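A short reminder: the numbers here are calculations on the coordinates, not readings from a lab. Remember, it's a predicted structure, so these values are computed and weren't measured experimentally. Glycine gets a Cβ as well: all are built from the backbone with ideal geometry, and neighbour counts include every protein chain shown.
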Amino acid sequence: MAVLRRILIANRGEIAVRIIRTCAALGIETVLAVSDADGDSMPARLADAVVRLGPAPPAASYLDVKAVVSAAVAAGADAIHPGYGFLSEKAQLATACEAAGLVFIGPTPVQLDAVGDKVRARGHAEAAGLPTVPGGAVDGTAAAADLAAVIGWPVLVKAVGGGGGRGLRPVPGPAALADTIAVAMAEAAGAFGDPRIYLERYVHPGRHVEVQVLGDGERVIHVGDRDCSVQRRYQKLVEEAPAPLLGDKLRADMRQAAIAFAERLRYRGLGTVEFLVDCERGGFYFLEMNARIQVEHPVTEAISGLDLVAEQIWVAEGNRLRLGQDDIELTGHAIECRINAEDWSDSFRPSPGTIAAASFPAESWIRVDTHVQAGAPVPPWYDSLLAKLIVTGRDRAEAVARMRDALARCQIDGVATTLPMQVELMNSDGFGSGGVDTSYLDRLVLGQVSHG
Amino acid sequence: MDLTNADVQDILHLLDGLPFSELSLETARFRLSLRRGADGGWAQALEVLGQPNVLPTASDQRAATEPLAEASSAGEDSSAENSAAEAGSGADLTDVRTPLLGTFYRAPRPGAPPFVTVGAVVAPDTVVGIIETMKLMNSVTAGVSGAIAEIVLADGEFAEQGTVLMRIRSQR
């Protein structure tokens with residue numbers, strides 16, 4: 001048990017602002033660790049104190065474990081909040097915090113290691129009784145053909161050493177298998193220094209649905225599900241809670257599976273268990289666990305009324321959960337649109353620059369999480385997220401209608417943004433009906449779906 | 001701490017009963033503009049004005065000569081870099097420039113061989129480097145046929161848009 005009084009935030013942008021808000025409400029002082037590009041940012045102005053980490057490139061600042069821990073010690077902080085991205089899921093930071101006598105606001109190093117490696121995480125999922133995508137490692141065409149016959153076509157050939165969507169090749173049927181395997185092995189050896197390949201069932205179309213969990217090292221509860229199927233280059237652009245059109249049994253099974261997985265790890269902290277929902281066969285598969293606060297957490301907060309960062313800090317202080325599963329009540333429907341500095345009309349080309357003006361609608365049912373304001377630079381070294389627009393309605397139809405209205409009233413000048421794309425998406429028939437699959441946005445961008 | 005969303009909502013409740021359609025509020029810590037739209041809905045623009053409270057750290061001897069607040073003005077070093085690079089362009093040399101600002105990488109991954117070295121023969125669609133901007137990797141192609149004559153920028157260096165990365169001697 002350690003009551004936290006001063007937290008160093010090892011992050012930037014909207015999530016730094018978000019964490020500062022909760023800390024201020026809890027009476028906890030904040031020290032923001034900044035790179036040279038962020039010394040004048042909105043979170044730097046809001047934090048109680050600012051400490052310099054290093055030069056702008058992430059490797060020299062936000063990704064430098066030693067710099068982050070030294071900054072926390074020098075600033076007299078008693079804990080580090082890593083936010084998302086950067087070092088948030090690095091066991092090395094959690095371990096370095098322990099060594100320096102700091103509280104790491106996140107899971108234990110062992111838990112981070114368990115979910116950080118895909119093969120290890122899959123092993124834990126299977127041991128906890130979760131369904132995983134049928135598949136396995138293969139050493140050549142013959143073995144691949146045998147396995148494909150068992151798991152069914154189409155299959156996906158993956159490089160074991162790949163990641164982030166790289167080294168993935170779908171194979172529609174037996175005729176194309178031999179060639180694909182040969183090319184994939186050669187490419188895997190060249191690109192990843194590891195010729196091993198992995199074959200699994202190609203789940204397509206699929207939806208990305210995830211369950212928010214919260215644990216204290218003994219007990220785990222869930223805070224409902226989210227749908228994050230609107231993606232571009234494996235990056236989520238719209239999220240909503242609850243996941244629409246899922247079916248009561250599937251929803252209940254996924255929530256139970258997420259708890260079973262987290263319980264197996266005796267998980268401590270806030271986390272998300274991600275699943276792939278098979279639109280054609282029904283059913284779901286474990287994908288991975290994100291052991292941190294997520295970008296899309298506000299949609300869960302909107303329908304649960306919880307402050308997830310406050311709960312995260314509570315368990316990091318060594319407390320038992322103060323909520324039981326029965327205390328979690330989910331009402332209404334929430335949608336989040338990410339507004340990125342990207343030009344939708346030019347293949348989502350990044351658009352760094354300077355914000356000339358930023359104005360957002362002000363309504364009780366709208367939440368805007370942002371770090372941009374007039375005059376703020378949008379540096380090229382970091383991701384392109386400018387703001388998250390979160391809208392709540394009594395039901396999904398109302399939330400979609402309110403989001404259309406809210407988007408029309410957002411104005412960001414100075415850089416290109418994804419606002420026009422979000423308007424288009426909210427007006428599309430497919431999103432309006434709900435339950436789109438992960439390829440929907442690409443088809444919308446290519447003009448392959450009808451518009452409402 | 002600044003104004004909270006609840007504060008803004010409270011202000012809007014007060015304004016809703018009044019005949020005003022615009023409010024500007026400025027303190028030492030923030031500037032808030034509220035504007036009522038044609039449909040009656042409010043829009044807000046918030047600027048946080050409070051100055052960062054920068055703590056001195058042990059490694060700050062260096063920081064003293066690199067002021068924190070000034071590092072973010074993106075455009076300041078672009079002209080110098082570009083003009084320096086432009087001076088060397090010869091008649092039969094074609095410049096390969098950055099399509100957008102970002103970090104230049106000569107190889108697909110750390111430790112991998114570079115895409116091209118001096119003397120390499122390239123076609124217009126040959127990938128000669130990568131520019132990383134906002135975590136996205138953008139391929140840079142040669143644009144012309146020829147041989148790499150000079151590589152101007154070093155691996156891992158940051159470049160403004162339009163900076164010369166390398167020069168290609170055109171094929172005759």
Nearest 0.05, what FRET efficiency do B:Gln9 and B:Arg109 give at R0 = 51 Å with Cβ-Cβ as r? 0.55
What is the Rg over Rh value, at two decimals, for segment B:112-172, using alpha-carbon atoms and the Kirkwood definition of Rh? 0.95
Given contacts defined as C-alpha pairs under 8 Å and at least six residues apart, what's the relative contact order of chain A, whole-number percent? 14 percent
Looking only at other chains, what is the average number of their beta-carbon atoms within 10 angstrom of each beta-carbon in A:355-367? 4
Say the dipole of the protein assembly as shown comes from +1 at the beta carbon of Lys and Arg and -1 at that of Asp and Glu; which of B:Ile130, A:Ala188, A:Leu8 then lies farthest toward its positive end? A:Ala188
Provide Rg over Rh for segment A:50-114; use the alpha carbon set for both Rg and the Kirkwood Rh (inverse mean inverse pair distance). 0.94
Using Cβ counts within 10 Å as a stand-in for footprinting exposure, how do A:Ser359, B:Ser24, A:Ser439 rank, fewest first? B:Ser24, A:Ser439, A:Ser359
Quick check on the exposure proxy: order A:Lys388, A:Lys66 from fewest to most C-beta atoms within 10 angstrom. A:Lys66, A:Lys388
Two-site FRET efficiency, A:Val150 against A:Asp429, from Cβ-Cβ distance with R₀ of 45 Å, rounded to 0.05: 0.75
With label points set 7 Å from each Cα along the Cα-to-Cβ direction at A:Val160 and B:Glu26, the distance between them in nm comes to 6.4 nm
Could you give the size of the charge dipole of segment A:1-118 about its Cα centre, using +1 on the Cβ of each K and R and -1 on the Cβ of each D and E, expressed in debye and rounded to the nearest 20? 160 debye
With -39,500 (n - 2.57) per DSSP H segment of 4 or more residues and division by the full residue count of chain A, the 222 nm estimate, nearest 500 deg cm²/dmol, is -9500 deg cm²/dmol
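In this model, which of A:Lys158/A:Lys388; A:Lys388/B:Lys135; A:Lys90/A:Lys249; A:Lys118/A:Lys249; A:Lys118/A:Lys158 are farther than 24 Å apart at the alpha-carbon? Walk me through the numbers on the way to the answer.
On the way: A:Lys158/A:Lys388 33 Å; A:Lys388/B:Lys135 18 Å; A:Lys90/A:Lys249 35 Å; A:Lys118/A:Lys249 27 Å; A:Lys118/A:Lys158 13 Å.
Result: A:Lys158/A:Lys388; A:Lys90/A:Lys249; A:Lys118/A:Lys249 exceed 24 Å.
May I ask for the Kirkwood hydrodynamic radius of segment A:297-452, worked out over all distinct Cα pairs and given in angstroms to one decimal?
When all Cα pairs of segment A:297-452 are included, the Kirkwood radius is 17.2 Å.
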May I ask for the net charge around A:Thr132, where only other residues with Cβ less than 15 Å from the Cβ of A:Thr132 are counted and Lys, Arg are +1 while Asp, Glu are -1? 0
